[in-house]
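Nothing in this text is a laboratory measurement; each read-out follows from the coordinates by a stated rule. All figures in this text were calculated on a predicted structure; none of them were measured in a lab. Reconstructed Cβ throughout: ideal geometry from the backbone, glycine too, with neighbour counts over all protein chains shown.
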Amino acid sequence: MENRNLRKERIGLVVSNKMDKSIVIAVERKEKHAIYGKFVKKTSKFMAHDEKNDCNEGDTVRIMETKPTSKNKRWRLVEIIERAK
């Protein structure tokens, strides 16, 4: 029995769409500093597969973990939540 619902999902902003069928997404999180207690923004970048070349820079998207598509791509586009204005 395969459990497909256990895959990780992230929501982030498209930073680059210059490649063919690939996009780079920046996912931002806030972490509390160990000593000072101030919340600091941290950013992770993920490369995702965009089959239809549908995304543009500035779009908010949801990506899902998948098997490796290439050297750097381990995520795929699920949906475009909000288009860039």
If each residue's Cβ is checked for other Cβ atoms within 10 Å, how do Val40, Val27, Val61 rank with the fewest at the top? Val40, Val27, Val61
Going by how many other beta carbons lie within 10 Å of each one, how would you line up Met47, Met64, Met19, fewest first? Met19, Met64, Met47
Once amide H atoms are built 1.01 Å from N in the peptide plane, which residues 5 or more positions from Gly12, or in another chain, come under 5 Å H to H? Val61, Ile63
Rounded to whole Hz and in sequence order, give me ³J(HN,Hα) for region 7-19 from the Karplus expression 6.51 cos²θ - 1.76 cosθ + 1.60, θ = phi - 60°, writing x for Gly and Pro. 6, 6, 10, 9, 10, x, 10, 6, 9, 9, 9, 6, 8
For the pair Asn3 and Lys52, how long in nm is the line joining their label points, each one 7 Å along Cα→Cβ? 3.1
Would you please classify the overall shape of the chain from the alpha carbon gyration tensor, given that a ≥ b ≥ c denote the square roots of the eigenvalues, rounded means a/c under 1.5, and beyond that prolate means a/b larger than b/c while oblate covers the rest? oblate
Starting with the fewest neighbours, write out Leu13, Leu77, Leu6 ranked by other beta-carbon atoms found within 10 Å of each beta-carbon. Leu6, Leu13, Leu77
